[in-house]
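Heads up: the structure comes next, in structure tokens.
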Amino acid sequence: VNCCITQDSWLSSDYGKKVQNYISQNTNIKAIVDSDFKYFEGANINTVITIFQGKTKGDSVDYIRSHVSLENKSLYKMKKNPDDEKCDLRHFQIEDKLLSDFKWGLLFFTEKQFMDLLLKASKKGSPLNQQSGFSIGQGVNTTKNNIVEKSDSNNIPIFVAEDGAPLVWTSPTAYVKKSVISKDRKIPVLMMPRGVGSRYYCAFNCIDGYSASYVDIYTTGKRDSDDVFRVWLFCNSSFACLLRESSGRTNLGGGMLKAEATDMKVFPLLYKFSNMKEIKEIYEHAKSYEVPGNIENSVTDEIHKKIDAIVYKYLDFSTDEQKYIENQLVEAVKRRTEKSKTSGKC
């Protein structure tokens, strides 16, 4: 029997996903135990206890989160009577597709109602990596020396933080030297921030530029195809923002969320919305729009509400479910940004 006390980052990271897949198939996971308490003074990390036994695959995984100190706690009692022991218990079968499709941090750290909505939405949409012609990646990683402010024949537009938070990118503030762009580098059709403060957005790339280390979405089809508009619309919805908020990690400091391209690959992003005329009208209005700096203003803004209305109707989310999504998003962002002394600049 092995008992490990480690950082909880392996539950939500890319390298951790490989560990999750391995141990679920090669040992019997007795429990993963979390706690609301921090037990190591001076260490600014979150820890979990993982207990597993033998070399034979088990039937299930139990995630337990204790709301009181683990001192003198019995694993048996926490599994048997979680309410009496003041803890939450989540039980997953090893063969459950959720365990293989999603990082465990998402399954463990989010509420059941959120997961129910994700499963509901998954039945009507599909991840981009299952679609021919679409892919997700990361923008250009380069030094500031290769970024210039003036345009000439040797430079290409690049989307940077100074461009703000547009839904449609129509004019660049910076350029990157052509010499640092590899020949096989694709031009993204859509771009989203990897470091998220209080503003979520998915920018439509109108000017054939690159992004500076953003989350990029590429297509081998037409830039103005209906499916690109559909993905753009969904990625700007409150539900998509909540997906990113729930799967990201608050390890950038200053209350910022690290939301990677790999996190987006497992989520359904393409939905066959039929009202393309309305979607393109929203797009036209969005050309002169920038996402507000306050998350509460963002979710109640006219353009955002029109986007949400299309997504909610298609996914058949009830009024209560819609309120839940928006409240969860606002509260999660507020919790992060309140810790940040520079939240106004995010």
Surface accessible to a 1.4 Å probe, per residue, for the residues of the stretch 73-138, Å²: 56 Å²
Convex hull projection area averaged over all views, the stretch 1-155, Cα basis, nm²: 15.1 nm²
Local net charge near residue 311, Cβ-Cβ under 14 Å (Lys/Arg +1, Asp/Glu -1): +2
Just the number, please: Stokes-Einstein D of the chain in µm²/s, Kirkwood Rh from C-alpha pairs, 4 °C, 1.567 mPa s. 59 µm²/s
Using a probe of 1.4 angstrom, how much of the accessible area of the chain is carbon and sulfur, in percent? 47 percent
Loop-located trypsin sites (Lys or Arg not before Pro) in the stretch 165-245, at most 11 other Cβ atoms within 10 Å (DSSP): 183, 222
Surrounding net charge for residue 146, when Lys and Arg each add one and Asp and Glu each subtract one, Cβ distance under 12 Å: +3
Running a GNM on the chain with Cα contacts under 10 Å, which residue among 72, 294, 26 ends up with the highest mean-square fluctuation? 72
MRE, 222 nm, helices only [DSSP H, n ≥ 4, -39500 (n - 2.57), over the chain, to nearest 500]: -9500 deg cm²/dmol
Sort the stretch 87-160 into rounded, prolate or oblate with this rule: let a ≥ b ≥ c be the square roots of the eigenvalues of the Cα gyration tensor; rounded if a/c is under 1.5, and if a/c is not under 1.5, prolate when a/b is larger than b/c, oblate otherwise. prolate
For the stretch 118-191, with +1 on Lys and Arg beta carbons and -1 on Asp and Glu, the positive-most of 171, 148, 188 along the dipole: 188
Farthest positive-ward along the chain dipole, Cα basis, beta-carbon charges - from 40, 67, 236: 40
Quick check on the stretch 165-279: take the gyration tensor over C-alpha atoms, sort the square-rooted eigenvalues as a ≥ b ≥ c, and tell me if it's rounded (a/c under 1.5), prolate or oblate. oblate
May I ask you to work out the translational diffusion coefficient for the stretch 29-115 at 20 °C, viscosity 1.002 mPa s, via Stokes-Einstein with Rh from the Kirkwood sum over Cα pairs, reported in whole µm²/s? 153 µm²/s
Mean projection area, nm², convex hull over Cα of the stretch 266-346: 6.7 nm²
Overall form of the stretch 295-339 per C-alpha gyration tensor (a/c, 1.5; a/b vs b/c): oblate
To the nearest 10 degrees, how steeply does helix 14-26 sit against the main Cα axis of the chain, on a 0 to 90 scale? 40 degrees
Looking at the stretch 39-148, which GluC sites (Glu not before Pro) are DSSP coil and have at most 16 other C-beta atoms within 10 Å of their C-beta? 41, 71, 95, 111
Of 103/305; 97/265; 79/323; 123/313; 120/258; 103/272, which ones are farther than 24 Å apart at the Cα? 103/305; 79/323; 120/258; 103/272
Say a paramagnetic label sat at a point 7 Å from the Cα of residue 129, along Cα to Cβ; which residues of the stretch 101-116 have their backbone N under 14 Å from it? 101-104
Quick one: compute a quarter of the convex hull surface over the Cα atoms of the stretch 247-302 and quote it in nm². 5.8 nm²
So what's the Cα pair-distance distribution over the stretch 212-287, bin width 10 Å, in %? 16, 45, 30, 9, 0
Would you please report the Å³ per residue occupied by the convex hull of the alpha carbon atoms in the stretch 199-346? 122 Å³
Using a simple spin-label model with points 7 Å from Cα along the Cα→Cβ vector, what separation in nm is obtained for residue 122 and residue 15? 2.7 nm
Say a site is exposed when it is one of the chymotrypsin sites (Phe, Trp or Tyr not before Pro), sits in a DSSP loop, and has at most 13 other Cβ atoms within 10 Å; what is then the longest site-free stretch of the chain? 41-346
Whole-number Å³ per residue for the convex hull built on Cα positions in the stretch 110-204: 145 Å³
Assuming a viscosity of 0.692 mPa s and a temperature of 37 °C, what translational diffusion coefficient in µm² per second does Stokes-Einstein assign to the stretch 9-55, Rh being the Kirkwood radius over Cα pairs? 272 µm²/s
With +1 on the Cβ of every Lys and Arg and -1 on the Cβ of every Asp and Glu, the dipole magnitude of the stretch 202-346 about its Cα centre, in debye rounded to the nearest 20, is 400 debye
Straight-line reach check, residue 80, cutoff 23 Å on alpha carbons, 8 or more apart in-chain or any other chain, hits among lysines -> 30, 57, 112
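The values are calculated or read from the model by the stated rules, or taken from the named source; none is laboratory data. Only a predicted model underlies this, so the values are computations on that prediction, with no experimental measurement involved. Positions of Cβ are backbone-derived with ideal geometry, glycine not excepted, and every protein chain shown enters the neighbour counts. The protein model used for the area step is the full one, side chains on, heavy atoms only, and it has no ligands, DNA or RNA in it. Shrake-Rupley method; radii C 1.70, N 1.55, O 1.52, S 1.80 Å.
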